[in-house]
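Engineer: Input: one structure, supplied below.
The values are calculated or read from the model by the stated rules, or taken from the named source; none is laboratory data. In this text the structure is predicted, and so the values were computed from the model without any measurement. For neighbour counting, all protein chains shown are included, and Cβ atoms are generated from backbone atoms with ideal geometry for every residue, glycine included.
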Amino acid sequence: MTRPTQTTASTCCYCGVGCGVLIEHDGERITGVQGDPAHPANYGRLCSKGSTLHLTGDLAARALHPELRLGKGLARARTDWDSALDHAAVVFAETIREHGPDSVAFYISGQLLTEDYYAFNKLARALVGTNNIDSNSRLCMSSAVVGYKRSLGADAPPCSYEDIEQSDCLLIAGSNMAYAHPVLFRRLEAAKASRPDMKIIVVDPRRTDTCELADLHLAILPGSDVALFHGILHILLWEGWIDRAFIDAHTEGFDALKKLVRDYSPAAVADICGISVDSLQSCAELIGKAPSFLSLWCMGLNQSSSGSAKNSALINLHLATGQIGKPGAGPFSLTGQPNAMGGRETGSLANLLPGHREAGNAEHRAEVAGYWGVDSLPETTGLTAIELFEAVRVGKVKALWIACTNPAQSMPDQQKIHEALSTCPFVVVQEAYATTETCRYADLLLPAAGWGEKEGSVTNSERRVSHVRRAVPAPGEARADWAITCDFARRLERHLRPGEPSLFDFASPAALFEEYKQLTAGRDLDLSGLSHALIDDLGPQQWPFPAGASRGTPRLYADGVFPTASGNARFQADPFRAPQEKREARYPLTLNTGRLRDQWHGMSRTGTVAQLFGHVEEAALSMHPDELRRRRLVSGDLIKLRSRRGSLIVPVQADEAVRPGQAFLPMHWGDRFLKGLGTNVLTLPAFDPLSKQPELKHAGVEVEKVELPWQLFALVEGDVQQRFAKLRPLLEEFAYASLTLTGRERPALLVKAASAAAPDATLLAQIDALLGLDEGPVLAYDDPRRTVGKRVRIEDGRIHAIRLAGETAARDWLKALWEEGKADADLRRWLLAPLSTPPGNAGGCKGKTVCSCMNVSDTAIREGIDRGLDLDGLKQELKCGTSCGSCVPEIKRLLAQPVKAPA
Ligand SMILES: Nc1nc2c(c(=O)[nH]1)N[C@H]1C(S)=C(S)[C@@H](COP(=O)(O)OP(=O)(O)OC[C@H]3O[C@@H](n4cnc5c(=O)[nH]c(N)nc54)[C@H](O)[C@@H]3O)O[C@H]1N2
Ligand SMILES: Nc1nc2c(c(=O)[nH]1)N[C@H]1C(S)=C(S)[C@@H](COP(=O)(O)OP(=O)(O)OC[C@H]3O[C@@H](n4cnc5c(=O)[nH]c(N)nc54)[C@H](O)[C@@H]3O)O[C@H]1N2
Ligand code: SF4
Ligand SMILES: [Mo]
């Protein structure tokens, strides 16, 4: 019997836009997802990631049962929750007793819900007595936190999404919002279409899709933002485009800054930033003359050894022009993760405490300790992410609890992270997906409920708190994060506070929220008037929302009063400092890393959805064509990419969006999808002195060609996750190995590998067995002398699996035949002949998928453009760009390219 379809309103679990979703399900399984028309973040829109959330549920990838390893080197075995958590409590209690509370640590995530965060925080600080609790927001928003606090007095983004639509001039710095905050970018596109006078400036070393909306793109040299912002202020001062009345009434520290920026003349700044004086001048003029000016920024500013200085230098521009606290104006950081804001609010960074308090402030500690009913909170400074993993590596931290983050993929300098995780005596990993790089190191793996399976609240980039609702029960024995944390805490209490009343007597996420919110009362973020039930009544609300309020607060600082001791905002005068790794002969390129449109971080979720690989199929290093020519490289060549810390083998691709002297590699690839510990084997752990945020965007690298003539190509339909797990270890034998998914209705695993010489025949036989190419309806040609071989499995007249070995010239042709569901006479003839090259009339692959929703390729769009179609024509005829719209900037870019002359 089929069950009736139900709908549950909740939120998207990916980015900080915080879109509302309607989850369609039958009470057991999630069957679909739609944008929630009533949610004020997205009004019904979703991007390519959000609209495929219902496809991320492959149970073969999920963690379903607790698993425990009883000794290093042994395999983990399935256990039950009681044994798992009792064991963890014993190990934590013994470690704390023997080595003190700072010998244990918690590394958590901006993707947890507010209630989860609060439970972890109380566990670490009140029960264990350590400040060793940090989150992946250290890699993400901590520079913005410092920027807001230093310049404005509190960690509060002052704007609303509506301000983006109302602004006259937007500066988008170090944010590729077309990819990373797509729904907000859609709103901006619509606003600019209705008010073409709106000016948009993009500051990014790369020409990203976000530049499609830009009136001015400043492709500054990596890391030179502070110089740029000081240079702009220099011109604003010179031209008199500042708001003297605002400066006098509401700020302090302007004189020191004025003195500093005197040295940042247009010529000097143009030189540091690698841009023209004219473009600098135009940028300052757009800002200086704008009736309203708003800035948006993200990782291009935060992930830097000058991250705090970049944030404050940008906020300086708003204070100098009085562009804050009014419609369409203000400094507005885009939050990366869905609830990085909640993490900051609940104090889930080592240096914070709940309610925007400081762990280093005795009064704040006393307030929180009093509220929690414990004698005191720990005084010792907690370890921040980079420091924390270093302490694990050198043996100072002996028990580590990781929740909802994958540090063995996402932290810089991976060699050291893997060392740390393999030497740590006890690693607990609380994860929804068992496939991640970090899970490999778990001594105790705790299965967590995921999207659609848990309940609580999140705060998005505009301070808006939404109620996250559960649609279906979690699979297997997976449990909600707050429940796991509180259950563990109660067991640990029996060791650390025997006989005392529990601090973790929470029956629901709502109960956690009720306790937490009182810690915000009277503080800048006061949300003590909110509750889960109230959000159900009024809809998502922006804080501050004090007790008795009837609606949230869309804009802060309208009265010019800032949450500092004097009530004034504070100019910061930090000089420009170059990135840590200067360009030099051995490492002449600067490696930039960042997001792809359709993937999310380490790809535990998006990496299970075959159609999301249509846009970018595999890891490749982007470089300017001149840099390739200089090195005698062509697109597709395999290269070794080296930094001071490690190396990686990947193909290169020509990309004019990247300036000479630079290179770009997506951040998503970890050791699972790409052999060699992934992108972050190259990045450096150097961090900003104030925010401790690492410099993930600027590593010195060099590339050199590698000769790996023996190549493998394989494609197999079905049981993708199971096959992935078994195939991946076998590929360690190859110098290069990349695994991805392909297809839509029939998802398939796609493998590319290469080595200097043919591998052992038994390895190939093992691979064939996993591909189902060892028996059954398989056509094979093997030439052992030339070590070339080809095998294809054909069932019901269709290709099901392919393996080419030695030489792979026919791979695109075969993949196209598989896509089309063909297995014709040409194929059979080709299979039985010694040659590997495809037959003469072979059509190639259909090209990359630009529109992921409607499955439209770049080849089809180019053909349409050649036939004279414009954007509307393409939308009408091909349907591309008509669903989520994430591909519209790319279609515009294709339209802007020169049209092929008619034959
Ligand atoms: N599709 C997708 N969306 C996501 C995510 C995802 O994984 N996938 N992750 C979410 C998260 S957690 C985050 S933090 C955000 C990140 O969102 P963004 O910060 O927008 O994304 P990135 O691609 O990391 O980096 C943005 C840009 O910074 C530029 N940049 C590099 N160096 C500099 C510099 O020195 N100065 C300037 N001005 N720019 C520089 C890069 O070229 C890049 O285009 O995205 C969120 N949204
Ligand atoms: N080179 C480079 N490195 C970077 C960056 C970069 O730009 N360049 N960006 C950095 C930034 S900004 C960020 S935010 C980090 C992100 O880095 P990570 O935090 O490592 O990223 P995710 O892959 O999103 O990890 C979240 C994990 O939580 C799991 N999960 C999902 N839902 C749940 C749940 O409900 N409960 C639990 N317990 N687990 C769940 C997912 O399966 C996933 O493995 O990467 C950083 N690393
Ligand atoms: S923009 Fe996309 S990823 Fe971000 S919350 Fe909305 S649907 Fe999710
Ligand atoms: Mo992030």
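Engineer: Check whether at least one residue in the stretch 791-805 is without any contact (Cβ under 8 Å) to a residue 24 or more places away in the chain and at positive phi, and report yes or no.
Structural biologist: The answer is yes, given that some residue of the stretch 791-805 is without any contact (Cβ under 8 Å) to a residue 24 or more places away in the chain and at positive phi.
Engineer: A follow-up question, please. Pick from LYS149, LYS122: which is away from ligand 3 (no atom under 16 Å from the Cβ) and without any contact (Cβ under 8 Å) to a residue 12 or more places away in the chain?
Structural biologist: LYS149
Engineer: Just need a number here: residues in the stretch 370-382 that are under 17 Å from ASN351 (Cβ atoms) and either not in a loop (DSSP other than H, G, I, E, B) or not hydrophobic (A, V, I, L, M, F, W, C) (or both).
Structural biologist: Qualifying residue count for the region: 5.
Engineer: Which residue out of ALA350, ALA340 is at pLDDT 95 or above and within 16 Å of ligand 3 (Cβ to nearest atom)?
Structural biologist: Of ALA350, ALA340, the one residue that is at pLDDT 95 or above and within 16 Å of ligand 3 (Cβ to nearest atom) is ALA340.
For (1) buried (at least 24 other Cβ atoms within 10 Å of the Cβ); (2) within 16 Å of ligand 4 (Cβ to nearest atom); (3) touching a residue at least 24 places away in the same chain (Cβ under 8 Å), each residue gets a yes or a no:
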residue	(1), (2), (3)
SER83	no, no, no
VAL90	no, no, yes
PHE106	yes, no, yes
SER109	yes, yes, yes
LEU112	yes, yes, yes
ALA126	no, no, yes
ILE133	yes, no, yes
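Engineer: Could you please give the count of residues in the stretch 29-48 that are in contact with a Pro (Cβ under 7 Å, 6 or more places away or on another chain) and either in the same structural domain as ALA449 (by TED's automatic domain parsing) or farther than 24 Å from HIS615 by Cα (or both)?
Structural biologist: The total comes to 3.
Engineer: Continuing with the same structure: What residue, of SER348, SER305, is assigned to a loop (DSSP other than H, G, I, E, B), farther than 15 Å from LEU171 by Cα, within 16 Å of ligand 2 (Cβ to nearest atom) and assigned by TED's automatic domain parsing to the domain that holds TYR148?
Structural biologist: SER305
Engineer: I need a count of the residues in the stretch 311-347 that are farther than 17 Å from GLN693 by Cβ, surrounded by 24 or more Cβ atoms within 10 Å (Cβ to Cβ) and among the β-branched types (Val, Ile, Thr).
Structural biologist: The number of residues fulfilling the criteria is 2.
Engineer: Against the condition buried (at least 18 other Cβ atoms within 10 Å of the Cβ), within 11 Å of ligand 1 (Cβ to nearest atom) and in a loop (DSSP other than H, G, I, E, B), how does LEU596 come out, does it pass?
Structural biologist: When the stated conditions are applied, LEU596 passes them.
Engineer: Go over the candidates ALA313, ALA391 one by one and state the one that is more than 16 Å from ligand 4 (Cβ to nearest atom) and out of contact with any His (no Cβ under 9 Å at 6 or more places or on another chain).
Structural biologist: The conditions single out ALA391.
Engineer: Right, VAL650: under 26 Å from GLN711 (Cβ atoms), within 16 Å of ligand 2 (Cβ to nearest atom), outside any loop (DSSP other than H, G, I, E, B) and β-branched (Val, Ile, Thr) or not?
Structural biologist: The answer is yes for VAL650.
Engineer: Within the stretch 326-352, restricting attention to residues that are away from ligand 1 (no atom under 16 Å from the Cβ) and touching a Leu at 6+ places or on another chain (Cβ under 7 Å), which residue is nearest to THR384 (Cα to Cα)?
Structural biologist: The residue in question is ALA350.
Engineer: Scan the stretch 1-26 for residues that are modelled with pLDDT of 95 or more and away from ligand 4 (no atom under 16 Å from the Cβ) and report the count.
Structural biologist: Number of matching residues: 14.
Residues are listed down the side, and each one gets a yes or a no for (1) more than 29 Å from PRO196 (Cβ to Cβ); (2) surrounded by 17 or more Cβ atoms within 10 Å (Cβ to Cβ):
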residue	(1), (2)
CYS211	no, yes
LEU218	no, yes
LEU233	no, yes
ALA245	yes, no
ALA256	yes, no
ASP278	no, no
PHE293	no, yes
ALA309	yes, yes
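Engineer: Next question. Tell me, which residue of the stretch 34-52 that is surrounded by fewer than 24 Cβ atoms within 10 Å (Cβ to Cβ) and touching a Leu at 6+ places or on another chain (Cβ under 8 Å) is farthest from ILE535 (Cα to Cα)?
Structural biologist: Out of the qualifying residues, it is THR52.
Engineer: Oh, and also: Could you check the stretch 600-641 and list, in sequence order, the residues that are crowded, with 20+ Cβ neighbours inside 10 Å and among the basic types (Lys, Arg)?
Structural biologist: ARG605
Engineer: A follow-up question, please. What is the one condition in (1) in a helix (DSSP H, G or I); (2) in contact with a helix residue (DSSP H, G or I) (Cβ under 6 Å, 6 or more places away or on another chain); (3) away from ligand 2 (no atom under 13 Å from the Cβ) that ALA119 does not satisfy?
Structural biologist: Status for ALA119: all satisfied but (3).
Engineer: Out of all the residues in the stretch 185-204, is one or more touching a residue at least 40 places away in the same chain (Cβ under 8 Å), more than 16 Å from ligand 3 (Cβ to nearest atom), assigned to a helix (DSSP H, G or I) and assigned by TED's automatic domain parsing to the domain that holds LEU301?
Structural biologist: no
Engineer: Return the only residue of VAL397, VAL374, VAL392, VAL429 being under 16 Å from GLY670 (Cβ atoms), more than 16 Å from ligand 1 (Cβ to nearest atom) and in the same structural domain as PHE120 (by TED's automatic domain parsing).
Structural biologist: Going through VAL397, VAL374, VAL392, VAL429 in turn, just one is under 16 Å from GLY670 (Cβ atoms), more than 16 Å from ligand 1 (Cβ to nearest atom) and in the same structural domain as PHE120 (by TED's automatic domain parsing): VAL429.
Engineer: Hey, can you tell me all the residues within the stretch 85-116 that are part of a strand (DSSP E or B) and small (Gly, Ala, Ser)?
Structural biologist: Residue satisfying the conditions is ALA105 alone.
Conditions tested, residue by residue: (1) under 21 Å from the mean Cα position of the chain (by Cα); (2) more than 25 Å from ALA340 (Cβ to Cβ); (3) within 15 Å of ligand 2 (Cβ to nearest atom).
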position: ARG3; (1), (2), (3): no, yes, no
position: VAL21; (1), (2), (3): yes, no, yes
position: TYR43; (1), (2), (3): no, no, no
position: ARG69; (1), (2), (3): no, yes, no
position: ALA75; (1), (2), (3): no, yes, no
position: VAL91; (1), (2), (3): no, yes, no
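Engineer: If you check GLY567 against the conditions, is it assigned by TED's automatic domain parsing to the domain that holds LEU353, over 24 Å from MET177 (Cβ atoms) and away from ligand 4 (no atom under 16 Å from the Cβ)?
Structural biologist: Criteria not met by GLY567.
Engineer: Of the residues that sit in the stretch 53-67 and are within 16 Å of ligand 1 (Cβ to nearest atom) and within 15 Å of SER883 (Cβ to Cβ), which one is surrounded by the fewest Cβ atoms within 10 Å (Cβ to Cβ)?
Structural biologist: LEU55
Engineer: Looking at (1) buried (at least 22 other Cβ atoms within 10 Å of the Cβ); (2) more than 16 Å from ligand 2 (Cβ to nearest atom), which is the only condition ILE484 fails?
Structural biologist: (2)
Engineer: Ok, one more. Could you check the stretch 439-488 for strands (runs of 3 or more DSSP E) lying wholly inside it with 2 or more residues that are closer than 27 Å to ALA88 by Cα?
Structural biologist: In the stretch 439-488, 444-447 are the strands (runs of 3 or more DSSP E) which contain 2 or more residues that are closer than 27 Å to ALA88 by Cα.
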